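Asks: Before anything else, here's the structure in question.
No lab work stands behind these numbers, since they all come straight from the coordinates. Predicted, not measured: the structure shown is a model, and the values here were computed from it. All Cβ positions, glycine included, derive from the backbone under ideal geometry; neighbour counts span all protein chains shown.
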Amino acid sequence: MSDIRPVFQPSPLARRKQFEVPWEEAAEIRSRLVSRGVPSTVIRKTDEQKSLIEVDDGVDPGLIAAALADPD
């Protein structure tokens with residue numbers, strides 16, 4: 001998995017935040033987060049070949065970073 005350091009931005013939805021991830025890794029990243037108890041959604045912007053992961057605003061960024069860094 002690539003070295004992803006989430007940079008959170010507000011979501012258009014209340015009490016949510018999102019961060020960009022590599023297009024081709026979005027499903028794997030979401031799966032990794034969900035397996036560690038972080039409910040998340042993949043948002044694909046096909047016209048830009050860009051993917052975002054959206055999570056609840058209260059999710060600890062450290063938990064997300066640890067899930068992304070942990071090889072399993």
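Asks: Consider residue 39 against the criteria (1) in contact (Cβ under 8 Å) with a residue 24 or more places away in the chain; (2) touching a strand residue (DSSP E or B) at 6+ places or on another chain (Cβ under 8 Å); (3) within 13 Å of residue 63 (Cα to Cα): it satisfies all of them except one. Which criterion is unmet?
Replies: (1)
Asks: Among the residues of the stretch 35-72, count how many are surrounded by fewer than 13 Cβ atoms within 10 Å (Cβ to Cβ), of a type outside the set (Asp, Glu) and more than 15 Å from residue 4 (Cβ to Cβ).
Replies: Number satisfying all stated conditions: 7.
Asks: Filter the stretch 14-31 down to the residues that are within 18 Å of residue 60 (Cα to Cα) and either hydrophobic (A, V, I, L, M, F, W, C) or touching a Lys or Arg at 6+ places or on another chain (Cβ under 9 Å) (or both) and list them by number.
Replies: Residues of the stretch 14-31 that are within 18 Å of residue 60 (Cα to Cα), as a first pass: 14-21, 29-31.
The answer is 14, 19, 20, 21, 29.
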